[in-house]
Amino acid sequence: MDDEPRIEDARTLAGVPDGFDRFWTPYRMAYINGDHKPADASAEECPFCAAPARPDEDALIVHRGSTCFVLMNLYPYNAGHMLVCPYRHVSDYTELTGPERVELGELTATAMEVERAVAHPHGFNLGMNQGEVAGAGIAAHLHQHIVPRWAGDANFLPIIARTKAIPELLEEARTRLAEAWPKQAPVTSGSAPTTPRPQED
């Protein structure tokens, strides 16, 4: 039938066989083309500023605190890769208030504890890139990376193909981590925190 897929013999096509198989990842074109990168450094264009106004499931938010929140990284380095962000649109660690620095650290520690409880990683990479020259994908809004690591989780793909194999869907990882997060007074999903946040000058 005409609608059946057609299979062509690769030997009839242009190109020289090189002994390698191909792991096609067309979904990564969105990242390569910068489809989700903000057009400028303003809060209006910032995905981290927009996330708290959306439902947790849509924004991949794991936990909402008073001054900071935790969400999944849309482009993870490893399964369970989380980010801790302040609600305020600030780019530099020195711009955080005292309460923001404290909660950012506390949420980082809790995220590690939750990840250890549900996925048993052997270690973590923690850190933040300050400025585009330092590797920050979205430099205008500070975010702390929490990357769980397992022995043997590195392979040839990132080296020769710039591709990471992630064994778990982001939505499933968010649900798993959110359900394991220590329970406390809830913050309404899809809205700003009920606790007042420090305002920008």
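The values are calculated or read from the model by the stated rules, or taken from the named source; none is laboratory data. None of these values were measured; they are calculated from a predicted model. Heads up, the Cβs are rebuilt from the backbone with ideal geometry, glycines too, and the neighbour counts pull from every protein chain shown.
Structural remarks
- Residue in the stretch 91-107 that is under 20 Å from ALA59 (Cα atoms) and modelled with pLDDT of 95 or more present: yes
- Selection within the stretch 137-169 - at pLDDT 85 or above and within 12 Å of ALA79 (Cα to Cα): ILE146, VAL147, PRO148, ARG149, TRP150
Conditions (1) crowded, with 21+ Cβ neighbours inside 10 Å; (2) more than 16 Å from GLU168 (Cβ to Cβ), marked per residue:
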{"position": "GLU45", "(1), (2)": "no, yes"}
{"position": "CYS49", "(1), (2)": "no, yes"}
{"position": "HIS63", "(1), (2)": "yes, yes"}
{"position": "THR67", "(1), (2)": "yes, yes"}
{"position": "ASN73", "(1), (2)": "no, no"}
{"position": "PRO76", "(1), (2)": "no, no"}
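- Counting only strands (runs of 3 or more DSSP E) that sit wholly inside the stretch 51-90, those with at least 2 residues that are within 10 Å of the chain's Cα centre (by Cα) are 68-72, 82-86.
- With respect to (1) part of a strand (DSSP E or B); (2) surrounded by fewer than 19 Cβ atoms within 10 Å (Cβ to Cβ), the lone exception for VAL102 is condition (1).
- Filtering LEU104, LEU96 for residues that are under 17 Å from VAL147 (Cβ atoms) and in contact with a strand residue (DSSP E or B) (Cβ under 8 Å, 6 or more places away or on another chain) leaves a single hit, LEU104.
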